[in-house]
Amino acid sequence: MSVISPTKATSPGGANAGSARTRPGKLAESGSPTVRPPAAAHLTDEQVAELGRELDAIRDEVLAKRGAEDAAYIRRVIKVQRGLEISGRAALLVGKNKAAWVTGTTLLSLAKILENMEIGHNVLHGQWDWMRDPDIHSTTWEWDFVTPSRSWQHTHNDLHHRWTNVVGKDNDVGYNLLRMDEQQPWKPMNLGNPLYNAILAPLFEWGIAIYDLELTEFREGKKSKEALLKDLKALGKKVVTQFTKDYAATPAVAMLTGSGKQALYGTLTANAVRNVWAHAVIFCGHFPEGTDTFTEEMAEGETRGDWYIRQMIGSANISGSKFMHIMTGNLSHQIEHHLFPDLPSNRYAEVAPKVREICQRYGLKYTTGPLLKQVGSTWGKIFKLALPGKTARA
């Protein structure tokens, strides 16, 4: 069977952009997986191939249209984000005043959310590499998150996006901490599922930083000691940078006005708010009722069309306002993001109706719902899977 690189299916130079490591896995040019997922079992190989061509055409249409308007959009978002951050930190310098503290903390929280979600996450996916701007590029951007960009690009772009929700391949299914699928064997420690998740939410950036070290892979002999030490060194440098900026520099300057302690509390709060928000958006995009998980056999021998299908039925969207979409980094369009990870995020709303129509026409589910519904659904699954013998498959 002839094969093609999965990078073609996930947008050339995009989902893998910025990573110096080899992206795993191949996609077959024809045929079908060893086992097609139940939700797509009614489709023939020809229908899957045609579906793939239709989605390729949607992507090509956006690529042909992207240009100055898109570039202006991301530059405008970056300008707004930097203005919010400067204003927030400035207000915290006089944080002894309660109104200034609330204002500063709010502005800094919004700035951190924008940087992580709409800017950092999407820049690191290579969505803006076509601009050839060295300051807005997947190979140079370092985001306001504890985990180093390069480490995250490997576990997220190279692994998660290739093996989305394949239990045993995609460690994002529970992050080696939570039981998020009935295929994962139950252990007594899983009784703590809700507690672990409640702790993870406000500390999300630290959880991701530890996860990106791939300690499980190291213990299993899949990652060398040299590679782990290299990642630990990079993480150490990033931790120093983040601590200096948020917990040393800003509070130190604020001490001049007697607001050092208030500034420290403000930056701690802003980081916690950003973490809780990012955690909610990510979990709502992958774990609500209605999202499927897959066995390794379902990914074995899959074509580009099959890969597309897995992204659609393994992801979930969040409905809401334009402002909400921007604050989620347009990951409220998680289905479209998983289909086209390197398309400019401001284009996802444009392609979403087309994707939804394709799902309806081919008899595939398109999972979406308001934020509170998706959050409640995700937490419900977390509670159910904390217990033995409980399933949460839709």
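Things to note:
- Surface accessible to a 1.4 Å probe, L364 within the full protein complex, Å²: 10
- Cβ-placed point charges (K, R +1; D, E -1), dipole of segment 112-170 about Cα centre in debye, nearest 20: 260
- Among C359, W152, L107 - extreme Cα towards positive end, dipole of the chain, charges at beta-carbon: L107
- The heavy atoms of R347 offer some 30 square angstrom of accessible surface to a 1.4 angstrom probe.
- Here the peptides 326-334, 378-386, 233-241, 60-68 are ranked by packing, the mean other Cβ count within 10 Å, and the order with the highest first is 326-334, 378-386, 233-241, 60-68.
- Net charge of Cβ neighbours under 15 Å - reference R361; Lys, Arg +1; Asp, Glu -1: 0
- The phi torsions of segment 360-375, fed into the Karplus equation with coefficients 6.51, -1.76 and 1.60 and a -60° offset, translate into couplings of 5, 5, 9, x, 10, 6, 10, 7, 8, x, x, 4, 4, 5, 5, 5 Hz, rounded to whole numbers, with Gly and Pro shown as x.
- Residue among N330, W307, T295 farthest towards the positive dipole end of segment 286-341, charges placed on Cβ: N330
- Rounded to whole numbers, the Karplus 3J(HN,Hα) couplings from phi for segment 154-169 are 5, 6, 8, 5, 6, 9, 4, 6, 6, 10, 2, 6, 8, 5, x, 10 Hz, using 6.51 cos²θ - 1.76 cosθ + 1.60 with θ = phi - 60°, and x at Gly and Pro.
- A dipole drawn for segment 235-392 from +1 and -1 charges on Cβ atoms has a positive end, and of V276, H286, P344 the residue lying farthest that way is V276.
- Between the C-alpha center of segment 152-213 and that of segment 308-362 there is a gap of 22 Å.
- Spread of Cα-to-Cα distances over 5 Å intervals beginning at zero, given as percent, for segment 130-188: 4, 16, 19, 18, 15, 11, 8, 5, 2, 1, 0
- Solvent-accessible area per residue for the chain (1.4 angstrom probe, square angstrom): 42
- Cα-derived Rg to Rh of segment 64-199, Kirkwood definition: 1.08
- Lysines whose Cα lies under 21 Å from that of K354, excluding same-chain neighbours fewer than 8 positions away: K8, K65, K322, K365
- Summarised as an ellipsoid, segment 326-394 has semi-axes of 27, 16, 10 Å, derived from the eigenvalues of the Cα gyration tensor scaled by 5 and square-rooted, with the largest first.
- Rg/Rh for segment 30-96, where both radii come from Cα atoms and Rh is the Kirkwood radius: 1.40
- Residues whose amide H comes within less than 5 Å of that of T303, counting only those at least five positions distant or on another chain, are A28 (H built at 1.01 Å from N in the peptide plane).
- Each peptide in 351-357, 160-166 was scored by the mean count of other Cβ atoms within 10 Å over its residues; highest first, the order is 160-166, 351-357.
- The average projected area of segment 41-386, computed from the convex hull of its Cα atoms over all directions, is 18.3 nm².
- Of all the options G168, G305, G314, the one that moves most in a Gaussian network model of the chain with Cα springs shorter than 10 angstrom is G168.
- Centre-to-centre, using Cα atoms only, segment 369-390 and segment 55-83 are separated by 34 Å.
- Calculated mean residue ellipticity, 222 nm, the chain: -15500 deg cm²/dmol, from DSSP H runs (n ≥ 4) at -39500 (n - 2.57) each, averaged per residue and rounded to 500.
- Database remark: amide H of T368 closer than 5 angstrom to the amide H of N317 (H placed geometrically; neighbours at sequence offset of 5 or more, or on other chains; Pro and chain starts carry no H).
- Whole-percent carbon and sulfur share, accessible surface of segment 41-386, 1.4 Å: 64
- Pairs beyond 19 Å (Cα-Cα), from K187/K381; K26/K230; K26/K169; K112/K245; K112/K381: K26/K230; K112/K381
- About its Cα centre, the dipole of segment 174-331 is roughly 940 debye, where the only charges are +1 on Lys and Arg Cβ and -1 on Asp and Glu Cβ.
- Estimated dipole of the chain in Debye, rounded to 20 [Cβ of Lys and Arg +1, of Asp and Glu -1, Cα centre]: 1280
- Peptide ranges 110-121, 206-217 listed from the most packed, as the mean C-beta count within 10 angstrom indicates: 110-121, 206-217
- For segment 258-268, the Karplus equation 6.51 cos²θ - 1.76 cosθ + 1.60, evaluated at θ = phi - 60°, returns couplings of x, 10, x, 5, 5, 5, 4, 4, x, 5, 4 Hz by residue, with Gly and Pro reported as x.
- Here segment 124-226 is treated as a sphere whose radius is the Kirkwood value from Cα pairs; by Stokes-Einstein at 4 °C and 1.567 mPa s it diffuses with a coefficient of 84 µm²/s.
The values are calculated or read from the model by the stated rules, or taken from the named source; none is laboratory data. No experiment lies behind these values; they were computed from the predicted model shown. Every residue, glycine as well, gets a Cβ built from its backbone with ideal geometry; the counts of neighbours run over all protein chains shown. We work out accessible area using only protein heavy atoms, side chains counted, and drop any ligands, DNA or RNA first. Shrake-Rupley method; radii C 1.70, N 1.55, O 1.52, S 1.80 Å.
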